Amino acid sequence: MYTTLEQKYRRIQKELLGGTIAFAGVLLIGTLWYWLVEKWPWPDAAYMTVITLATVGFGEIYPLGDRGRLFTIALILMGLINIGYIVNRFTEALIQGYFQEGIRLRQKKRLIDSLSEHYILCGFGRTGRQIAYEFKAEGIDFVTIDSDSEQILEAQQLGYTAFQGDATLDATLLKVGVEKAVCLVAALPSDAENLYTVLSAKTLNPKVRAIARASTEEAVQKLQRGGADAVVSPYITGGRRMAAAALRPQVMDFVDGIIAGADRAFYLEEFLIDPETCPFVGQSLREAKLRSQSGALVLAIRRADGTLIGGPTADTHLIAGDLLICMGTAEQLRELNQILGPIRSKALRRPKQSPS
């Protein structure tokens, strides 16, 4: 599935190819006629065919009878029609900018092929737009998939890498590099589509982290059974946040200020304690002195067995496989990133310019 301009480009491409093949067929027919029927040597037959189709005005190589001249007239007409068709298609492609579109398509394909450890966003509706905005604010590499050409055009106008296609199909996911992606977000309008997308993604890349949107509680359960690592219901989550904003407005203002937007002063990030790179395995937070070295605050620790330690004390020890959830400014988290290895090998995601 392609955008309208892409469809026209591919149509013109096929028509030009078809015209070229037809012209080659006319050359072959003319050559065979003069060679087999008129009994000319094949080099002379080919030469006669070329000068006839080129209408250069040369005379006959050998005298032709009425039958030969009738065939030559037909050959000239076929050549003129064929050449006129090719010129017409080429001129349309040149005027409409289809060749530039072809260059853009190849550049986009190379860009998508070069992506690694990237995010895949399926669906560019209201939810998808907000997700894309947050991804861009974080400065991460991602590609958007949608079947609607208007949505794809809007995503491209906003500067996002977008691919038009059906996200539930394996072929589409493979084209956007799902086997090299670290995360896939299924934000399609239909729960069934999100379920199919998660199933396809997990089949193609069992290690990819799949986040899915759900409209109902039943869909949440089915998506979890389908392999989704996290399922978010905009209605359930939105209701909870609205209630929290009514009951605890200052808390919600603070939370919103650290998890969303590009102009926030504080950020949340997670780090994995890797015994091969982290020198603080087995030490307590007091001994590691992470706060004093970086200024970032360790809010919670998720043990490898799933146990969550909220508000760890100075006596809490760091164990291999721990996941640290930390808060701080962009500079503080960058500093902490030099001390602890992040979950991925890529650099810590931070806005290009820190807010003043």
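The listed residues are TYR47, TYR85, and the only one of them that is open to solvent by 40 Å² or more (accessible area, probe 1.4 Å), among the hydroxyl-bearing types (Ser, Thr, Tyr), over 30 Å from LEU169 (Cβ atoms) and without any contact (Cβ under 8 Å) to a residue 60 or more places away in the chain turns out to be TYR47. Look at (1) touching a Leu at 6+ places or on another chain (Cβ under 8 Å); (2) closer than 30 Å to LEU333 by Cβ; (3) among the β-branched types (Val, Ile, Thr) and you find that THR197 fails only one, number (2).
One residue stands out among those in the stretch 274-291 that are part of a helix (DSSP H, G or I) and open to solvent by less than 20 Å² (accessible area, probe 1.4 Å): the one that is nearest to GLY257 (Cα to Cα), which is LEU290.
Would you confirm whether or not the stretch 238-256 contains a residue that is touching a residue at least 12 places away in the same chain (Cβ under 8 Å), surrounded by fewer than 16 Cβ atoms within 10 Å (Cβ to Cβ) and of a type outside the set (D, E, K, R)? Scanning the stretch 238-256 turns up no residue that is touching a residue at least 12 places away in the same chain (Cβ under 8 Å), surrounded by fewer than 16 Cβ atoms within 10 Å (Cβ to Cβ) and of a type outside the set (D, E, K, R). Cβ-Cβ contacts under 8 Å between residues 6 or more apart (or on different chains), taken from a first residue in the stretch 303-320 that is open to solvent by 60 Å² or more (accessible area, probe 1.4 Å) to a second residue that is charged (D, E, K, R), are listed as ALA304/ASP322; LEU308/ARG302; ASP315/ARG286; ILE319/ARG303.
The residues in the stretch 278-287 that are closer than 17 Å to GLN338 by Cα and modelled with pLDDT of 90 or more can be counted, and the count is 1.
Which of the residues belonging to the stretch 107-124 are on the phi < 0 side of the Ramachandran plot and modelled with pLDDT under 90?
Kept after step one, since they are on the phi < 0 side of the Ramachandran plot, are these residues of the stretch 107-124: 107-116, 118-122, 124.
Matches in the stretch 107-124: GLN107, LYS108, LYS109, ARG110, LEU111, ILE112, ASP113, SER114, LEU115, SER116.
Can you find a residue that is in contact with a Leu (Cβ under 8 Å, 6 or more places away or on another chain) and within 25 Å of ASP146 (Cα to Cα) anywhere in the stretch 249-264? The answer is no; no qualifying residue exists.
When the stretch 292-325 is filtered for residues that are within 13 Å of LEU336 (Cα to Cα) and either over 38 Å from the mean Cα position of the chain (by Cα) or assigned to a strand (DSSP E or B) (or both), the ones remaining, listed by number, are SER292, GLN293, LEU297, VAL298, LEU324, ILE325.
Filter the stretch 2-39 down to the residues that are within 33 Å of the chain's Cα centre (by Cα) and open to solvent by less than 60 Å² (accessible area, probe 1.4 Å), then identify the one that is modelled with the lowest pLDDT.
Of the residues in the stretch 2-39, the ones within 33 Å of the chain's Cα centre (by Cα) are 2-18.
Within this subset, residues satisfying the condition of being open to solvent by less than 60 Å² (accessible area, probe 1.4 Å) are 3, 6, 9, 12, 15-16, 18.
On the way: THR3: 52, GLU6: 65, TYR9: 71, ILE12: 82, GLU15: 87, LEU16: 87, GLY18: 91.
Filtering first and then ranking leaves THR3.
In a residue-by-residue description of the stretch 182-202, the property of being touching a strand residue (DSSP E or B) at 6+ places or on another chain (Cβ under 8 Å), more than 20 Å from ASP113 (Cα to Cα) and assigned to a loop (DSSP other than H, G, I, E, B) applies to at least one position. Evaluating GLY125 against the criteria (1) surrounded by fewer than 16 Cβ atoms within 10 Å (Cβ to Cβ); (2) touching a residue at least 12 places away in the same chain (Cβ under 8 Å); (3) over 30 Å from TYR267 (Cα atoms) leaves one unmet condition, (3). Residues that are farther than 19 Å from GLY128 by Cβ and not in a helix (DSSP H, G or I) within the stretch 225-249 comprise GLY226, GLY227, ARG248, listed in sequence order.
Any residue at all in the stretch 210-218 that's β-branched (Val, Ile, Thr), in contact (Cβ under 8 Å) with a residue 60 or more places away in the chain and either out of contact with any Phe, Trp or Tyr (no Cβ under 7 Å at 6 or more places or on another chain) or part of a strand (DSSP E or B) (or both)? The answer is no; no qualifying residue exists.
The values are calculated or read from the model by the stated rules, or taken from the named source; none is laboratory data. Computed from a predicted model, the values in this text were never measured in an experiment. Note: ideal-geometry Cβ built from the backbone for every residue, glycine included; neighbour counts use all protein chains shown. Accessible surface is based on the protein model in full, side chains and every heavy atom, while ligands, DNA and RNA are left aside. Shrake-Rupley method; radii C 1.70, N 1.55, O 1.52, S 1.80 Å.
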